[in-house]
Amino acid sequence: MTREPPPPSTPPTKAHVVRCPGCGGPSRYAPDNPFRPFCSERCKLADLGAWANEEFRVGAVEDADGPLDDAPESGSARPPRH
Ligand SMILES: [Zn+2]
């Protein structure tokens with residue numbers, strides 16, 4: 001019986017930089033970053049807080065603030081047809 005050498009598994013600490021979902025900045029996705037995929041504790045907490053708020057809102061009211069001024073309302077967009 002021959003012993004096989006250990007496979008070259010996961011390379012040691014290959015830091016992976018991802019985008020922080022909290023602030024959009026670079027975040028180290030590595031074991032030494034306990035807040036991954038966030039870049040910092042602040043972003044992690046902020047995101048969790050936002051999540052909770054969102055859930056509360058959706059659960060309570062759906063159209064809370066009404067439509068935003070995103071789409072132009074009827075006005076001067078189309079010329080009148082004859
Ligand atoms: Zn961040």
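The values are calculated or read from the model by the stated rules, or taken from the named source; none is laboratory data. Note that the coordinates shown come from a computational prediction; the quantities given were computed from them, not determined experimentally. Here Cβ is always computed from backbone atoms with ideal geometry, including for glycine, and neighbour counts include all displayed protein chains.
Filter the range 34-48 down to residues that are away from the ligand (no atom under 11 Å from the Cβ) and at pLDDT 80 or above, then give me how many there are.
The total comes to 1.
Using the structure shown, decide if Leu68 is modelled with pLDDT of 90 or more and among the hydrophobic types (A, V, I, L, M, F, W, C).
no
Any residue in the range 18-37 that's β-branched (Val, Ile, Thr): show its pairings with residues that are near the ligand (Cβ under 10 Å from one of its atoms) at Cβ separation under 7 Å, as long as the two are six or more apart or on different chains.
Qualifying pairs under 7 Å: Val18/Ser27; Val18/Pro37.
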